[in-house]
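Chemist: Let me begin by handing over the structure; questions about it come next.
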Amino acid sequence: MMVDEALRGVVRRALRQVAQHGLPGNHHFYITFKTRADGVSIPPYLLEKYADEMTIVLQFQFWDLEIEEELFTVSLSFNDVRERLVIPFAAITGFADPSVKFGLQFQTLDESELEDMDLPEMSDDEAAEELPENDGNTEAMGQVVSLDNFRKKK
């Protein structure tokens, strides 16, 4: 649970960056969440269609992204109708940015479990330092190293 909550902090910081600066380059986020989790607010017709889980995409057409400590709100267009969604971070089960082949999966937490978590917050300045600037290069940073090179030979 501690790892999940820490990684939810990554999602929170990434969304804060997007709310402040927009999405750079080809970045876009897929966010999957439990539609019936505590605190989730979506229109009834979407709840009927997505009775358990729903995935939204933040790329071109999203508005009014607001990030709070425990949740975020965003407006999205569904069949040309703009709808406001409220999604607690505890309801998120998946977060991905396919443009950089990055993804996270989470266990859902109920409110009491989330309140028991006492993790430090990172300031917006620290969050800005954590996320690299987009230089147009979408290739992966780093390289894969085989562990065979480091094993003792028998």
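The values are calculated or read from the model by the stated rules, or taken from the named source; none is laboratory data. From a predicted model like this one, the values you see are computed outputs, not experimental measurements. All Cβ positions, glycine included, derive from the backbone under ideal geometry; neighbour counts span all protein chains shown. Heads up: the accessible areas ignore ligands, DNA and RNA and are worked out on the full protein's heavy atoms, side chains in. Shrake-Rupley method; radii C 1.70, N 1.55, O 1.52, S 1.80 Å.
Chemist: Would you mind telling me which numbered condition in (1) within 16 Å of Ile87 (Cα to Cα); (2) open to solvent by 30 Å² or more (accessible area, probe 1.4 Å); (3) out of contact with any Ser or Thr (no Cβ under 6 Å at 6 or more places or on another chain) Tyr50 fails?
Modeler: The number of the failed condition is (3).
Chemist: Just to be sure I understand the filter: pairs with C-beta atoms under 8 Å, separated by 6 or more residues or on different chains, first member in region 69-85 and closer than 14 Å to Val11 by Cα, second member part of a strand (DSSP E or B) and open to solvent by less than 10 Å² (accessible area, probe 1.4 Å). Which pairs pass?
Modeler: Leu71/Ile87; Phe72/Ile87; Thr73/Leu85; Thr73/Ile87
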